[in-house]
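So the structure is just underneath, and the comments pick up after that.
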Amino acid sequence: MTDNRVMVREDGLESVMVHRGDGLAIGMLKAAGASQIILSMEKNPVVAARAAKLGIPCISGLNDKAAVLKKYAAEHHYSLADAVFVGNDINDSGVMALVGHAIAPADAHASIRAVAHHITRAEGGYGVIRELIDGYFQL
């Protein structure tokens with residue numbers, strides 16, 4: 001949901017830019033009854049803060065997203081074949097191989113684009129989720 005860039009202040013506080021259209025699209029998914037979760041390697045509180053604002057669960061500080069998603073799906077009785085995952089970098093490859101709908105932003109790492117079922121026109125942080133809702137899923 002970001003362009004993969006981080007702004008770091010002198011005091012070390014990090015911030016990221018997000019696309020408001022993505023936030024609206026996430027709300028549309030919630031209204032349609034879709035379950036969502038953010039999986040992140042980042043330990044920075046900015047990830048949890050964004051998830052809280054969007055009202056979706058977040059598991060951060062992960063080394064193995066695929067293992068966590070398998071466990072989460074089993075605990076919540078979700079089918080990975082029906083799951084959608086948007087990934088942009090090499091740490092997402094394990095999850096991309098698990099889900100039925102692996103999505104990559106236009107600027108994702110080449111190895112992730114190679115395994116994606118769909119590549120968006122939008123780059124990360126520039127309306128990827130909104131593009132999916134408006135076109136791919138047509139909500």
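Evaluate the stretch 53-65: report whether one residue or more is out of contact with any Phe, Trp or Tyr (no Cβ under 7 Å at 6 or more places or on another chain), within 24 Å of residue 115 (Cβ to Cβ) and among the aliphatic types (A, V, I, L, M). The answer is yes, given that some residue of the stretch 53-65 is out of contact with any Phe, Trp or Tyr (no Cβ under 7 Å at 6 or more places or on another chain), within 24 Å of residue 115 (Cβ to Cβ) and among the aliphatic types (A, V, I, L, M).
Restricting attention to the stretch 45-60 and to residues that are outside any helix (DSSP H, G or I) and surrounded by 12 or more Cβ atoms within 10 Å (Cβ to Cβ), the residue that is modelled with the lowest pLDDT turns out to be 60. There is no residue in the stretch 48-65 that is closer than 20 Å to residue 4 by Cα, touching a residue at least 40 places away in the same chain (Cβ under 8 Å) and in contact with a strand residue (DSSP E or B) (Cβ under 7 Å, 6 or more places away or on another chain). Taking the stated definitions as given, is residue 113 among the basic types (Lys, Arg) and either touching a strand residue (DSSP E or B) at 6+ places or on another chain (Cβ under 6 Å) or on the phi > 0 side of the Ramachandran plot (or both)? It is true that residue 113 is among the basic types (Lys, Arg) and either touching a strand residue (DSSP E or B) at 6+ places or on another chain (Cβ under 6 Å) or on the phi > 0 side of the Ramachandran plot (or both).
Only one entry in 35, 15, 60 is of a type in the set (Gly, Ala, Ser) and in contact with an Asp or Glu (Cβ under 6 Å, 6 or more places away or on another chain), namely 60.
Does residue 41 fit the bill of being closer than 20 Å to residue 108 by Cα, among the aliphatic types (A, V, I, L, M) and at pLDDT below 90? Break it down stepwise before answering.
Numbers: closer than 20 Å to residue 108 by Cα: yes; among the aliphatic types (A, V, I, L, M): yes; at pLDDT below 90: no.
So residue 41 does not fit the description; no.
Quick one: would you say residue 68 is modelled with pLDDT of 95 or more, in contact with a Lys or Arg (Cβ under 6 Å, 6 or more places away or on another chain) and not in a loop (DSSP other than H, G, I, E, B)? Full working, then the answer.
Details: modelled with pLDDT of 95 or more: yes; in contact with a Lys or Arg (Cβ under 6 Å, 6 or more places away or on another chain): no; not in a loop (DSSP other than H, G, I, E, B): yes.
No: the conditions fail for residue 68.
From the list 131, 75, 123, the lone residue that is acidic (Asp, Glu) and in a loop (DSSP other than H, G, I, E, B) is 123. When residues in the stretch 68-89 are screened for being surrounded by 13 or more Cβ atoms within 10 Å (Cβ to Cβ) and either among the hydrophobic types (A, V, I, L, M, F, W, C) or touching a Pro at 6+ places or on another chain (Cβ under 6 Å) (or both), 9 of them pass. Go through the stretch 1-33 and give me each residue that's assigned to a loop (DSSP other than H, G, I, E, B) and surrounded by fewer than 14 Cβ atoms within 10 Å (Cβ to Cβ). The answer is 5, 6, 9, 10, 11, 12, 13, 17, 32, 33.
Is it the case that some residue within the stretch 101-121 is of a type in the set (Ser, Thr, Tyr), buried (at least 17 other Cβ atoms within 10 Å of the Cβ) and at pLDDT 95 or above?
Step one: of the stretch 101-121, the residues of a type in the set (Ser, Thr, Tyr) are 111, 120.
Within this subset, residues satisfying the condition of being buried (at least 17 other Cβ atoms within 10 Å of the Cβ) are 120.
Then drop every residue that is not at pLDDT 95 or above, which leaves 120.
Taking every residue of the stretch 101-121 in turn, at least one turns out to be of a type in the set (Ser, Thr, Tyr), buried (at least 17 other Cβ atoms within 10 Å of the Cβ) and at pLDDT 95 or above.
The values are calculated or read from the model by the stated rules, or taken from the named source; none is laboratory data. On a predicted model such as this, the values are computed, not experimentally measured, just so you know. Cβ: placed from backbone, ideal geometry, glycine included. Neighbour counts: every protein chain shown.
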